[in-house]
1. Could you tell me what percent of the accessible area of the chain is made up of carbon and sulfur, with a 1.4 Å probe and every protein chain present?
2. With a 1.4 Å probe and all protein chains left in place, how much accessible area per residue does the chain have, in Å²?
3. Which of these, N13, N58, N29, has the largest mean-square fluctuation under a Gaussian network model of the chain (Cα springs below 10 Å)?
4. Between region 1-29 and region 78-92, what is the C-alpha centre distance in whole Å?
5. What do you get for GluC sites (Glu not before Pro) in region 1-80 restricted to DSSP loop and a cutoff of at most 15 other Cβ within 10 Å of the site's Cβ?
6. Only helical DSSP H runs with n ≥ 4 go in: add -39500 (n - 2.57) per run for the chain, normalise by residue count and round the 222 nm mean residue ellipticity to 500 deg cm²/dmol.
7. Just one of [x] 23, 15, 13; [y] 20, 18, 12; [z] 20, 14, 13 is semi-axes √(5λ) of the Cα gyration tensor in Å as worked out from the coordinates here. Which one is it?
8. Calculated FRET efficiency, H49 and L70, Cβ-Cβ r, R0 22 Å, to nearest 0.05?
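The values are calculated or read from the model by the stated rules, or taken from the named source; none is laboratory data. Fair warning: this is a prediction, and the values are worked out from it, not measured in the lab. Every residue, glycine among them, receives a Cβ derived from its backbone with ideal geometry; neighbour counts consider all protein chains shown. For the accessible areas, the whole protein counts, side chains as well, though only heavy atoms, and no ligand, DNA or RNA atoms are used. Shrake-Rupley method; radii C 1.70, N 1.55, O 1.52, S 1.80 Å.
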Amino acid sequence: VIACATFMQNQYNNIAASQLRGMAVDDGNRSQGIGEQILIFADEQILQHGYALQCWCNARKPAVRFYQRLGWKTDGEEFDIPTAGPHFKMTRVLSAQP
């Protein structure tokens, strides 16, 4: 296993949403586009199976630019998760249109 991601159906601002709960790529396999491919695949699955098109995650501060390149936007101020460090809430709305 070189990468993984977990999504779950949840709410964001009281609206049905698909939450990216966690994603990781093995250190030796980073910067090869694997994380991007995981998120593209997840988008396809969310659209195919009719899950909530609003997506959100708690992104680690160093990963914010990665998500922004893929169309995610920060929502709110930086906050700290004591066991994991500084984070930002990020959101993205998928389009059901081709």
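1. 50 percent
2. 67 Å²
3. N13
4. 14 Å
5. Filter output for region 1-80: E77, E78.
6. Counting only the DSSP helices, I get -7000 deg cm²/dmol.
7. Label [y] holds the value from this structure.
8. 0.65
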